[in-house]
Structures are given as C-alpha cells and as structure tokens.
1. Would you calculate, for the chain, the mean residue ellipticity at 222 nm contributed by helices, counting each DSSP H stretch of 4 or more residues as -39,500 (n - 2.57) and dividing by all residues, to the nearest 500?
2. Going by average Cβ density within 10 Å per residue, which order do the peptides 47-60, 7-20 take, highest to lowest?
3. Please work out the C-alpha center-to-center distance from segment 32-87 to segment 127-144 and express it in whole Å.
4. In whole percent, what relative contact order does the chain give with Cα contacts below 8 Å and a gap of six or more residues?
5. Considering the chain as a Gaussian network with a 10 Å cut-off on Cα pairs, which listed residue, G33, G126, G167, attains the greatest mean-square fluctuation?
6. Using the basic label-point model (7 angstrom from Cα toward the beta carbon), what is the S181 to N130 distance in nanometres?
7. Going Cα to Cα from K118, which aspartates and glutamates come in below 15 Å? Please leave out same-chain ones fewer than 8 positions away.
8. Using 0.36 nm per residue of separation minus the Cα-Cα distance, give me the extension gain between Q67 and E13 in nm, one decimal.
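Derivation of every value follows stated rules applied to the coordinates shown; laboratory data play no part. Please read these numbers as outputs of a predicted model, since none were measured by experiment. Don't worry about glycine lacking a Cβ; one is built from the backbone with ideal geometry, like all the others, and counts go over all protein chains shown.
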Amino acid sequence: MTSILCVSGSPREGGNTDAMISEFHRGAIETGGKSTLIKLREVIFSGCDGCEGCNETHKCHLNDDMQGIYSLLEKADVWVFASPVYWWNISGLLKNFIDRFEVYWGDEEFKRLCFEKKAVILTCGGQTENKNREAEQYLELFFSKMHLTVIGKIRASADEKTTISEGKLLSCFELGKKIGSGSG
C-alpha cells in the first residue's frame, strides 16, 4: 500500500489550493492508498532559527508540531506539496515549513531513504498557468535537492476563492487515484 503525505501550504481555508489537495487526497484514499492530509495553517511550528545544531545531531531543538511531522515524512512513500502562488513563488507558510528540512541536510541516511521517495506538486495562482510556473520550479528544485523524484504536477489558475476549474479538480482526483493505487 502506498503511503502518501499531503501538505497544504495555504493559509486560506476552503480556497483553491485546499480544493486541489483535498481532491488528490480523496482520490488516493478511494483506491486504497494510505493518505494523510496536513494543513500547515493548523500546525504549530516555528521557522528555522539557523542554530545549526542539527548539522551534528540530525534533530531539531525546536519543540513543536514538526517533531511529529518529521516521522510522517520519513514513513511516507510520496510527498504531495500544494501551495497557492504568492509573488511568483510558494506561500510563506510552505517556505517556513521547507526551511525546517535543514535538519535533514547533512543526514546521509535520510538522503539515501529519499532516493526511493516520490513527490507531487500542486500549485494555483491568480495569473495564467504559464506565469505561475516559478512556484512549481521552486518545489521541483527543493525535491531534487532532497533526492525525491517528481512524478506528478498540476498547475492551475484561479483568481477568486473557489473558482478553480472542475477539470483541474478532476485531474487532482485522478492523479490521487493513480498514485494511491501504486501505479503512479
């Protein structure tokens, strides 16, 4: 059974990004995948403080909800990150979350584990899909540095809350089904 960790980087409840990741999550579960959905706006975590202690210990000294999320990341076969596009990039909420991956930077054992992991990128912004590509590219670079293989990307354009097209939501659902069934 494929284990999937879905992470929504949207600070807005019920918006387009939430709709995209919720449809992906629903599709994954429908086909028997084990999918966990985390909405970062509901998680209590601090930004990385740059202490560099994790360079030696491979553990973060900040005692917050990230400690539980680290174990979910380590167990998941597929990471799905979804973000609204803010100023041609991912949300600050998702960026702060990614900054906490510093704990893994020098951890060779974790990097070897990541070679087997896959990633999916879901983004939505108010401009045309082509102009929203920078956020997707940022996440592609992040996943490549973490040694994950990107196996799916969906980029959408929607200017108002809940105006994402049904076609894009269906694409998210179908991608979730494909990956949840293990054929992704």
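1. For the chain, the value works out to -11500 deg cm²/dmol.
2. Result, highest mean first: 7-20, 47-60.
3. With segment 32-87 and segment 127-144 each reduced to a Cα centre, they are spaced 20 Å.
4. Rounded, it is 34 percent for the chain.
5. Looking only at G33, G126, G167, the biggest GNM fluctuation is shown by G167.
6. Using points 7 Å along Cα→Cβ, the separation is 3.4 nm.
7. E74, D77, E140
8. Taking 0.36 nm per residue and subtracting the Cα distance, the gain is 17.1 nm.
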